[in-house]
Structure formats: C-alpha cells, structure tokens
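To start, the structure under review is shown below, and the notes come after it.
The values are calculated or read from the model by the stated rules, or taken from the named source; none is laboratory data. Here the structure is a predicted model, which means the values were calculated and not measured. Every residue, glycine as well, gets a Cβ built from its backbone with ideal geometry; the counts of neighbours run over all protein chains shown.
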Amino acid sequence: MKHSVDLIVLDVIMDPGMDGLDTYRSVLEIHPKQKAIIVSGFSESDRVHAARALGAGAMSESPM
C-alpha cells in the first residue's frame, strides 16, 4: 500500500542516530519533491543552512 505525505516536520537535532538533515536527505532519495520544515533552536548552524540548501522551508527565530 502506498501512502503520500504533504509535509514532514523534523528537528535538526535528533539524538541518537540520524539528525533532521540526514533524515531529509534520505527522504529526498525516495521522494525527490517531498516538502519539509526543519526546525531548530540553532538557526545559524551549518546543518540548518545545508537543509535549506536542499529545499527545506525557511525558518524564523522565536523570541525566548
């Protein structure tokens, strides 16, 4: 049975194992047009920038 997903939401830091960027890369191998939002409390990290370069939606910082 095949299921489709309109949007996935991932956190950049997901311990242990794959993080949000690695997960999104793996998903894109199977579904190249998959839309994603990747959230992070560390909006300027290299992993966040890499996820955005792959097409993940832009993020905004929330005030703490």
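What tally of residues in the range 39-48 results from selecting those that are surrounded by fewer than 15 Cβ atoms within 10 Å (Cβ to Cβ) and touching a helix residue (DSSP H, G or I) at 6+ places or on another chain (Cβ under 8 Å)?
1
Just to verify a result, which residue in the range 1-36, among those that are in contact with a Lys or Arg (Cβ under 6 Å, 6 or more places away or on another chain) and either surrounded by 13 or more Cβ atoms within 10 Å (Cβ to Cβ) or among the β-branched types (Val, Ile, Thr) (or both), is farthest from Ala56 (Cα to Cα)?
Filtering first and then ranking leaves Val12.
Which one is nearest to the chain's Cα centre (by Cα) among residues in the range 27-46 that are part of a helix (DSSP H, G or I) and over 11 Å from Leu10 (Cβ atoms)?
Ranking the candidates gives Leu28 first.
Between Ala36, Ala51, Ala58, which is at pLDDT 80 or above and in contact with a helix residue (DSSP H, G or I) (Cβ under 8 Å, 6 or more places away or on another chain)? Steps first, please.
Numbers: Ala51 fails: at pLDDT 80 or above; Ala58 fails: at pLDDT 80 or above.
Matching residue, one of Ala36, Ala51, Ala58: Ala36.
When the residues of the range 1-26 are filtered to those that are of a type outside the set (A, V, I, L, M), at pLDDT below 85 and part of a loop (DSSP other than H, G, I, E, B), which remaining residue is farthest from the chain's Cα centre (by Cα)?
Looking only at the range 1-26, we keep the residues that are of a type outside the set (A, V, I, L, M), and these are 2-4, 6, 11, 15-17, 19-20, 22-26.
Now restrict to residues that are at pLDDT below 85: 2-4, 11, 15-17, 19-20.
Of the ones still in play, those that are also part of a loop (DSSP other than H, G, I, E, B) are 2-4, 15-17, 19.
On the way: Lys2: 22, His3: 20, Ser4: 17, Asp15: 14, Pro16: 16, Gly17: 15, Asp19: 9 Å.
Residue satisfying both the conditions and the ranking: Lys2.
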